[in-house]
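This report concerns only the one structure given below.
The values are calculated or read from the model by the stated rules, or taken from the named source; none is laboratory data. All of these numbers come straight from a predicted model, not from anything done at the bench. As a convention, Cβ positions derive from the backbone with ideal geometry for all residues, glycine included, and neighbour counts pool all protein chains shown. Heads up: the accessible areas ignore ligands, DNA and RNA and are worked out on the full protein's heavy atoms, side chains in. Shrake-Rupley method; radii C 1.70, N 1.55, O 1.52, S 1.80 Å.
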Amino acid sequence: MPVALLGPVLRHVDATSATVWVEVDEPGPVHVDVHLPDGAVRTAASPTLTLHGHHFALVVVEDLPTGESLPYSVRHGETAVWPPAAGTWAWPESRIRTPVAGAEVRLAFGSCRRAGDDGEESTRLVGVDALSALAHRLRDDALAPHPDLLLFAGDQVYADDPNPGIVDRLRERHAGRADGDPEVREEIGDFEEYTWLYRETWGPDPVRWLLSTVPTCMLLDDHDLRDDWNTSDVWRAEVSRRPWWRDRVTGAFSSYWIYQHLGNLSPAELAQDRLLAVLRDVEDDAERDEVIDEFARTADADPTTARWSFTRELGSTRLVAIDSRCSRRLSPGERRMTDAAEWEWIRERALAPGARHLLLATTLPAFLLHGIHHAETFDAAVADGRFGARAAAWGERLRQAADLEHWAAFHPSFVDFVTLLGQVGRAPEPPSSVLVLSGDVHCSYTARVDVPGVDPHRTAVHQLVMSPFRNPLERGMQIANRVLDRGPVRALVRGLALLAGVREADVAWEVEHGPWFDNGVMTVVLGADGTAGVEVEHAGRCQGVPRLRRTLTRTLTRATTTSAPSTLRGASGPSVTTALRTGV
């Protein structure tokens, strides 16, 4: 009997269509049956796509009624594979919720999630899973609002640091093999091993049900491949010489394409995707594997051959998801978070008119805690040779050891980012909010951003960071984060950055709430009338069940009255005084 090994995962949903991803155990047609309010069934089907012996389907269901909550099921051929058989499943039916024009949009997001169930051992190691807690809320509280989209902002899997169960499988697979490199013998090495990671990560019942009923989109970050991936040209030159790197890159990009990236695309984009069309036309499995592998290797060697950034329209809200890892430019003195073509693509989408709210998703925060920001700009200048070759080597070692690789460490791109915010906010009809959504740093916070020339009463700009979903920062690192943002330390590293010749962009920001270091999830709530708010929730247990507790509810754009001017700390040093919105 055929079975669904993983999924279904609900991906792109709009007013009249939905895409459903699934991995099954054998090739054959996959059908999605959507049950309509009048009792009819809307069925769509797709043949499986076989890659390296695994069988995937991405089924596009069209002509759905708008504004409905529609249960659906999945068949492999004529065999029902979802939902699981009665008596083996404690979760509700999966549903597709088609949005209605003018409705409020709720987008939940976060990053950095270690795999594991809700048992005592997993909880002891990495805490309560925020996604499991979200799933339990949606199951147990009929009045709880469902997210319209769940954004995974990087590090969905940890290829360089898998869980003990995966490590045991790796040891067994590699036992007796003389070709294995001891350095990475306990890391993920190829496509097959990546499939183990995804099954472990998305497989637990609460998370599997959540992903089947809440639309998702995903960005990759370094741990999807390896820590510090593309942090510098030195790092890349060193790792490229390793004998295992070619297989790692091939497995990482090819598995990311089928498990994560493909579902980010709309039905129209899927219909135009050249690689998908080529793979579907290839009849021989070995030839098809070589096509996807060659694509993966080329995408790594020449980032212009693939685009991982994407957009999604959510009513009057536009999401522009920025790949801040794959298309970097790494030459000292010319470090850029993206290449020129990628940045122009991002600018065009961000500046296109018509969005009431603009969401800029980047796995790495643009606006860090100030002390960390200045430390990164200083280190980047040192590594670029500001104080000579010996100091540059020291700066490079520190860059890799301390993960100093955010937008601040690619300072020309940080300046470009600030410039783009100003262009968006000074447009003739600017959005009422510009929200930068990020993860990566294993803490969460909200920061208000002041961009000269952008009226905060017309366009509120905020950096919102949620990390981790489930991978809390070590206690020592939590303390280091707090110490680095204390006034004297912040002033010291800012002085060092000035000494190194760093000249900051004309921007100021202030962390209003946080940082928090618990596992959690953040939700932005966006209205077609221009209102915007944020909800911050952290995970815990109540009577043994994963639960979310509300940490913060904050209105970002509703109130327009002003009180006493508030002083923001600018990256360049001078205070910036501005009248700010009041909020809850």
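(1) within 28 Å of ASP485 (Cβ to Cβ); (2) in a strand (DSSP E or B); (3) in contact with a Ser or Thr (Cβ under 6 Å, 6 or more places away or on another chain); (4) not polar (S, T, N, Q): which one isn't true of VAL320, the others all being true?
With (1) within 28 Å of ASP485 (Cβ to Cβ); (2) in a strand (DSSP E or B); (3) in contact with a Ser or Thr (Cβ under 6 Å, 6 or more places away or on another chain); (4) not polar (S, T, N, Q) applied to VAL320, the lone miss is (1).
State yes or no: is HIS411 more than 21 Å from the chain's Cα centre (by Cα), buried (at least 18 other Cβ atoms within 10 Å of the Cβ) and either within 21 Å of VAL489 (Cβ to Cβ) or free of Cβ contacts under 8 Å to residues at least 24 places away in the same chain (or both)?
In short, yes.
Taking the range 472-488 only, how many residues are open to solvent by less than 60 Å² (accessible area, probe 1.4 Å), assigned to a helix (DSSP H, G or I) and within 28 Å of GLY110 (Cβ to Cβ)?
Looking only at that region, the number is 6.
Please determine whether any residue of the range 553-564 is farther than 19 Å from PHE109 by Cα, touching a strand residue (DSSP E or B) at 6+ places or on another chain (Cβ under 6 Å), open to solvent by less than 30 Å² (accessible area, probe 1.4 Å) and touching a residue at least 40 places away in the same chain (Cβ under 8 Å).
Scanning the range 553-564 turns up at least one residue that is farther than 19 Å from PHE109 by Cα, touching a strand residue (DSSP E or B) at 6+ places or on another chain (Cβ under 6 Å), open to solvent by less than 30 Å² (accessible area, probe 1.4 Å) and touching a residue at least 40 places away in the same chain (Cβ under 8 Å).
What's the number of the condition GLY371 fails, among (1) of a type outside the set (Ser, Thr, Tyr); (2) out of contact with any Asp or Glu (no Cβ under 9 Å at 6 or more places or on another chain); (3) outside any loop (DSSP other than H, G, I, E, B)?
(2) is the only condition that GLY371 fails.
Can you tell me how many residues within the range 520-532 are touching a Gly at 6+ places or on another chain (Cβ under 8 Å) and open to solvent by 10 Å² or more (accessible area, probe 1.4 Å)?
Matching residues across the range 520-532 total 2.
Among the numbered conditions (1) buried (at least 22 other Cβ atoms within 10 Å of the Cβ); (2) within 20 Å of the chain's Cα centre (by Cα); (3) more than 27 Å from THR557 (Cα to Cα); (4) of a type outside the set (A, V, I, L, M, F, W, C), tell me where GLY439 comes up short.
The single condition GLY439 does not satisfy is (3).
Restricting to the range 376-391, name every residue that is in contact with a Lys or Arg (Cβ under 9 Å, 6 or more places away or on another chain) and open to solvent by 20 Å² or more (accessible area, probe 1.4 Å).
Hits for the range 376-391 are PHE378, ASP384.
Just checking: which of the strands (runs of 3 or more DSSP E) contained wholly in the range 6-113 hold 1 or more residues that are of a type in the set (Ser, Thr, Tyr) and touching a residue at least 24 places away in the same chain (Cβ under 8 Å)?
Counting at least 1 such residues, we get 18-24, 49-51, 69-76, 79-82.
Taking only the range 330-375 into account, find how many residues are touching a residue at least 12 places away in the same chain (Cβ under 8 Å) and closer than 21 Å to HIS462 by Cα.
The total comes to 30.
Exactly one condition in (1) buried (at least 23 other Cβ atoms within 10 Å of the Cβ); (2) more than 27 Å from HIS55 (Cα to Cα) is false for VAL157; which is it?
So VAL157 meets the others, but not (2).
Looking only at the range 114-151, count every residue that is under 19 Å from ILE96 (Cα atoms) and either touching a Leu at 6+ places or on another chain (Cβ under 7 Å) or among the aliphatic types (A, V, I, L, M) (or both) and tell me the total.
The number of residues fulfilling the criteria is 14.
I'd like to know if the range 273-296 contains one or more residues that are within 25 Å of PRO99 (Cβ to Cβ) and not in a helix (DSSP H, G or I). Walk me through how you get there before you give the answer.
Filtering the range 273-296 down to residues within 25 Å of PRO99 (Cβ to Cβ) leaves 273.
If we keep only those that are not in a helix (DSSP H, G or I) as well, we get 273.
Looking for residues that are within 25 Å of PRO99 (Cβ to Cβ) and not in a helix (DSSP H, G or I), one finds at least one in the range 273-296, hence yes.
Would the range 365-374 turn up any residue that is open to solvent by 40 Å² or more (accessible area, probe 1.4 Å) and of a type outside the set (Phe, Trp, Tyr)?
No, there is no match, as no residue in the range 365-374 is open to solvent by 40 Å² or more (accessible area, probe 1.4 Å) and of a type outside the set (Phe, Trp, Tyr).
With respect to the numbered conditions (1) within 18 Å of TRP209 (Cα to Cα); (2) buried (at least 19 other Cβ atoms within 10 Å of the Cβ), which one is the sole condition not fulfilled by ASP141?
(2)
Surrounded by 18 or more Cβ atoms within 10 Å (Cβ to Cβ) and over 29 Å from ASP379 (Cα atoms), is that true of ILE258?
Values: surrounded by 18 or more Cβ atoms within 10 Å (Cβ to Cβ): yes; over 29 Å from ASP379 (Cα atoms): yes.
It is true that ILE258 is surrounded by 18 or more Cβ atoms within 10 Å (Cβ to Cβ) and over 29 Å from ASP379 (Cα atoms).
Could you list, in sequence order, all residues of the range 164-195 that are crowded, with 19+ Cβ neighbours inside 10 Å and not charged (D, E, K, R)?
ILE166, LEU170, VAL184, ILE188, GLY189, PHE191, TYR194, THR195 - these are the residues of the range 164-195 that are crowded, with 19+ Cβ neighbours inside 10 Å and not charged (D, E, K, R).
Mind checking which pairs have a first residue in the range 467-490 that is farther than 26 Å from GLY116 by Cβ and a second that is open to solvent by less than 50 Å² (accessible area, probe 1.4 Å) and among the β-branched types (Val, Ile, Thr), Cβ under 7 Å, 6 or more apart or different chains?
Note: pairs meeting the criteria are VAL483/VAL489; LEU484/ILE372.
Going by the conditions given, is THR79 out of contact with any strand residue (DSSP E or B) (no Cβ under 7 Å at 6 or more places or on another chain), of a type in the set (S, T, N, Q) and farther than 21 Å from TYR259 by Cβ?
The answer is yes for THR79.
Give the number of residues within the range 203-250 that are over 27 Å from ALA402 (Cβ atoms) and either of a type outside the set (A, V, I, L, M, F, W, C) or open to solvent by 10 Å² or more (accessible area, probe 1.4 Å) (or both).
Final tally of qualifying residues: 13.
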